[in-house]
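Right, one structure below, let's go through it.
Just so you know, all these numbers are worked out from the coordinates, no wet-lab data involved. What you see is a predicted model; the values in this text were computed from it and never measured. All Cβ positions, even for glycine, are placed from backbone atoms using ideal geometry, and neighbour counts span all protein chains on display.
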């Protein structure tokens, strides 16, 4: 069984530890900045070793680490783990700029180790099915894709968020937090982006962005419109739809997948949404909808 350390005692505890165990990994260490707090959380999760730094964990003969810390720490931690000969799964936002990200990619490539970004939503049943249907030609050649979402996550600036979230220099903001998922979704479904026709990133006051838009052109010729705001008062709303020359696919508000074509012009449901797991974390409200 592969031995893994989780770096980050917040999201790492809530998401990475149970996910790794469910996938069959042995979580042998938890790394956090505060040794005593990390020890309490490790004990609560039955993780045998609590560490105050990555170097302590790397001494435990690890096979891999997962990194779930503030974005501006990702590059140094990733390079340290790769230098120690350990595979890395790193949360997004992957890095604070393109130069950092390229350095991390090249380091993984040069060592022959696995280096992955944690774009977990591409494996969600609805998104994975859309990708397969497009690849199988269910809608013919994709011509137009629209991915737009309005949510209220930070409409109220007093809502609980990670301390770094409003600091652009630390990798905060909605573009990196959610836009990274949307761009991955577009590339996973439709291939390579060859042109950005237009884009905008909007800020409120002097903190990090809460809104973004972009018009992309894919190598296939498909035109893509993406746009999200995390600062829209009111109920969540949006559209996730791909129109091809032989049909259309879309994901509804409940994460069901629908297909319309000549045989089913009104659409037929090809995947029924699974029940969402309950969460008492306020940051997870509307989580399924806002990441669609």
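Taking 0.36 nm per residue of separation and subtracting the Cα-Cα distance, full extension of the segment from residue 36 to residue 99 would add 19.2 nm. Here the extension length gained between residue 84 and residue 21 equals 20.4 nm, from 0.36 nm per residue of separation less the Cα-Cα distance. Compared with the dominant Cα axis of the chain, that is its longest principal axis, helix 180-190 is turned about 50°.
Here the Gaussian network model covers the chain, with springs between Cα atoms less than 10 Å apart; of 97, 263, 209, 263 fluctuates the most. Placing dummy labels 7 Å off each Cα toward the beta-carbon, the span from residue 60 to residue 274 is 2.8 nm. Of all beta bridges that DSSP places with both ends in the chain, some 60 percent have antiparallel geometry. Divide the volume of the convex hull around the Cα atoms of the chain by the residue count and you get 146 Å³ per residue. Axis of helix 98-111 versus longest Cα principal axis of the chain: the two differ by about 70°, to the nearest ten degrees. Rounded to the nearest 10 degrees, the angle from helix 74-83 to the longest Cα principal axis of the chain is 60 degrees. Here the stretch 246-273 and the stretch 70-109 have alpha carbon centers that stand 38 Å from each other. Taking the Cα-to-Cβ direction at residue 114 and at residue 144 and moving 7 Å from each Cα, how far apart do the two end points lie in nm? Distance between label points: 4.1 nm.
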